[in-house]
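Remarks on the structure that follows.
The values are calculated or read from the model by the stated rules, or taken from the named source; none is laboratory data. Predicted, not measured: the structure shown is a model, and the values here were computed from it. All Cβ positions, glycine included, derive from the backbone under ideal geometry; neighbour counts span all protein chains shown. With ligands, DNA and RNA removed, areas are computed over all heavy atoms of the protein, side chains included. Shrake-Rupley method; radii C 1.70, N 1.55, O 1.52, S 1.80 Å.
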Amino acid sequence: MLNKLRLWKNQNNSSILRDKIEEIKKSPIPEHVAIIMDGNGRWAKKRALPRIAGHHEGMKVVRKTTMLANDLGIKTLTLYAFSTENWKRPKNEVDYIMKLPEEFLGTFLPELIENNVQVKMMGYKNQLPEHTLRAIEKAMKETKNNDGLVLNFALNYGSRAEIVDAVKQVLNDCQNGKLKESELTEQIFSSYLMTAEFPDPDLLIRTSGEIRLSNFMLWQLAYSEFWFTDVLWPDFSEEHLLEAVEVYQKRQRRFGGI
Ligand code: V0D
């Protein structure tokens, strides 16, 4: 409750949002929500700003989205922050993006701790700059005993590479006798993926009008509900997340009945 007051104060539409949140919380909330945060560059271009301005604005939206997800009782929020393909972007843009975790955590880590959020990361750590990894690992360490929302950043993540690596580990475990081929099930295979500790996402959100997965959680999204919007990530607001969850709840009601 306190959290909510802090969240919504200074907003003239706060009571409307608060009422809406309470209404939505009466129906089942998706446990795991995954978001492809697309459209930062386009947002900047529309304003004749450099692309990095869009990424910076997008970072602020990560904070708002995290706080609302926590308030709604979502258990895991996975955010696609950087793909294995994103290295192809101009060097200055990549360099800037790699500073965002430090800036984000430098500003918001105390707030995340206060709100019992656990920070996690999935992706290939080796290629990340040391300064980026250091900031994230510090945040993971300082929040590891929290038991509220898991804020999972997909960073230098690619789903096909993740699956191929899982297959290699399975083969390795078969060779060294830890696993028998006949024992391999979908569930066991899942435990070799980077998402081993999380349930599959119930809801996938993608912003910016692209209707594709772009190598994101291909295995894990097999049964998820998808919600796409033309809204660019920096323009994504509390109302949009609430709408996505409402749509999810309506679909659940339709397919849940006999
Ligand atoms: C840029 C929109 C927060 C997507 C959001 C390095 C593109 C802003 C983080 C972050 C990025 C990551 C880990 C962490 C804390 C914060 C972030 C990247 C990009 C890729 F522990 N925003 N953000 N990371 N953008």
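See the values below:
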{"read-out": "So residue 70, is it near the ligand (Cβ under 10 Å from one of its atoms) and polar (S, T, N, Q)", "value": "no"}
{"read-out": "Criterion: more than 16 Å from the ligand (Cβ to nearest atom), over 15 Å from residue 77 (Cα atoms), of a type in the set (S, T, N, Q) and open to solvent by less than 40 Å² (accessible area, probe 1.4 Å) - qualifying residue of 159, 191, 182", "value": "159"}
{"read-out": "Flag for residue 156 being within 23 Å of residue 70 (Cβ to Cβ), in contact with a Phe, Trp or Tyr (Cβ under 9 Å, 6 or more places away or on another chain) and not β-branched (Val, Ile, Thr)", "value": "no"}
{"read-out": "Number of the exception - residue 146 against (1) more than 11 Å from the ligand (Cβ to nearest atom); (2) crowded, with 16+ Cβ neighbours inside 10 Å; (3) in a helix (DSSP H, G or I)", "value": "(3)"}
{"read-out": "Residues that are touching a residue at least 60 places away in the same chain (Cβ under 8 Å) and either over 28 Å from residue 165 (Cα atoms) or β-branched (Val, Ile, Thr) (or both), drawn from the range 91-135", "value": "115"}
{"read-out": "Matching entry among 223, 248 (being among the aromatic types (Phe, Trp, Tyr) and touching an Asp or Glu at 6+ places or on another chain (Cβ under 6 Å))", "value": "248"}
{"read-out": "3 or more residues open to solvent by 10 Å² or more (accessible area, probe 1.4 Å): qualifying strands (runs of 3 or more DSSP E) within the range 30-133", "value": "76-83, 118-122"}
